[in-house]
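This report concerns only the one structure given below.
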Amino acid sequence: MNYPHLFQPFQIGSISLKNRLVMSQMTMNYATKEGLATEKVIRHYVERAKGGVGLIFVEGTFFTPEGKGYVQQLGLSSSEHVERLKGLTGAVHGLNKDVKIFIQIQHAGGRAYQKVTGLQPVAPSGFPLYPGADTPRPLTRDEIRRLVEAHIEAAARAKEAGFDGVDIHCAHGYLVP
């Protein structure tokens, strides 16, 4: 098969990619229970950067305590998360400045579990998303406004951590701004 544009540069807004090869987000569960990036997380993405992709999307990352979706999910809700993620972006950019790295932010919404977060899930309504799911608490208008602000704050923390861009997870019943 002939794909003449695959290895050609590509522009996403102000971001220049060296090619059109993109590594999609994959849940790895390599973070600590607090959501901190580990050496295993960093090694995983550095190895992918060695493969020649133009852009890496880091897995769905929680940015509020009630939005955490699973036990060892990466986090982006504190300065400690930012510092650990700087190690990740620094390692990828240090290996090859041509590789760009975006982070996917995610709020699990009604798909969150109280046994993971210690908090009742929140969602647009008080109905479980599927059989066996925890019953979420409906968000108030003020909480929705705060959630929009939390998305913005997460994007600012991602920039501080050295990411080249942010992807907002908008599928599977997750909450979006």
Quick check on segment 17-41: of everything there that is over 30 Å from PRO121 (Cβ atoms) and charged (D, E, K, R), which residue is surrounded by the most Cβ atoms within 10 Å (Cβ to Cβ)? LYS18
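So which residues in segment 45-71 are among the aromatic types (Phe, Trp, Tyr) and more than 18 Å from PRO121 (Cβ to Cβ), if there are any at all?
If we filter segment 45-71 for residues that are among the aromatic types (Phe, Trp, Tyr), which is where we start, we get 45, 57, 62-63, 70.
Those that are among the aromatic types (Phe, Trp, Tyr) and more than 18 Å from PRO121 (Cβ to Cβ): TYR45, PHE57.
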Could you please tell me which pairs satisfy a Cβ distance under 6 Å, a separation of 6+ or placement on different chains, a first residue in segment 42-67 that is within 24 Å of SER16 (Cα to Cα) and open to solvent by less than 20 Å² (accessible area, probe 1.4 Å), and a second residue that is assigned to a helix (DSSP H, G or I) and basic (Lys, Arg)? ILE56/ARG48
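Output the residues belonging to segment 13-30 that are hydrophobic (A, V, I, L, M, F, W, C) and either touching a helix residue (DSSP H, G or I) at 6+ places or on another chain (Cβ under 8 Å) or under 14 Å from VAL99 (Cβ atoms) (or both).
As a first pass, look at segment 13-30 and keep what is hydrophobic (A, V, I, L, M, F, W, C): 15, 17, 21-23, 26, 28.
Answer for segment 13-30, where residues must be hydrophobic (A, V, I, L, M, F, W, C) and either touching a helix residue (DSSP H, G or I) at 6+ places or on another chain (Cβ under 8 Å) or under 14 Å from VAL99 (Cβ atoms) (or both): ILE15, LEU17, LEU21, VAL22, MET23, MET28.
Within segment 1-11, can you find the residues that are out of contact with any strand residue (DSSP E or B) (no Cβ under 7 Å at 6 or more places or on another chain) and open to solvent by 70 Å² or more (accessible area, probe 1.4 Å)? Please lay out each step first, then the result.
Going residue by residue through segment 1-11, those that are out of contact with any strand residue (DSSP E or B) (no Cβ under 7 Å at 6 or more places or on another chain) are 1-8, 11.
Answer for segment 1-11, where residues must be out of contact with any strand residue (DSSP E or B) (no Cβ under 7 Å at 6 or more places or on another chain) and open to solvent by 70 Å² or more (accessible area, probe 1.4 Å): MET1, ASN2, TYR3, PRO4, HIS5, PHE7, GLN8, GLN11.
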Given the structure, is ALA112 of a type outside the set (Ser, Thr, Tyr) and under 25 Å from SER16 (Cα atoms)? no
Residue, farthest from GLY60 (Cα to Cα), within segment 147-172, restricted to residues that are touching a helix residue (DSSP H, G or I) at 6+ places or on another chain (Cβ under 9 Å) and open to solvent by 40 Å² or more (accessible area, probe 1.4 Å): GLU160
Here is a list of conditions, (1) under 21 Å from GLU34 (Cβ atoms); (2) crowded, with 17+ Cβ neighbours inside 10 Å, and GLY118 meets all of them except one; can you say which number that is? (2)
All-but-one check, TYR130 against (1) modelled with pLDDT of 95 or more; (2) more than 20 Å from TYR30 (Cα to Cα), failing number (1)
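The values are calculated or read from the model by the stated rules, or taken from the named source; none is laboratory data. Only a predicted model underlies this, so the values are computations on that prediction, with no experimental measurement involved. With ideal geometry, Cβ positions are generated from the backbone for all residues, glycine too; neighbour counts draw on all protein chains shown. Surface areas here come from the heavy atoms of the whole protein model, side chains and all, with no ligands, DNA or RNA. Shrake-Rupley method; radii C 1.70, N 1.55, O 1.52, S 1.80 Å.
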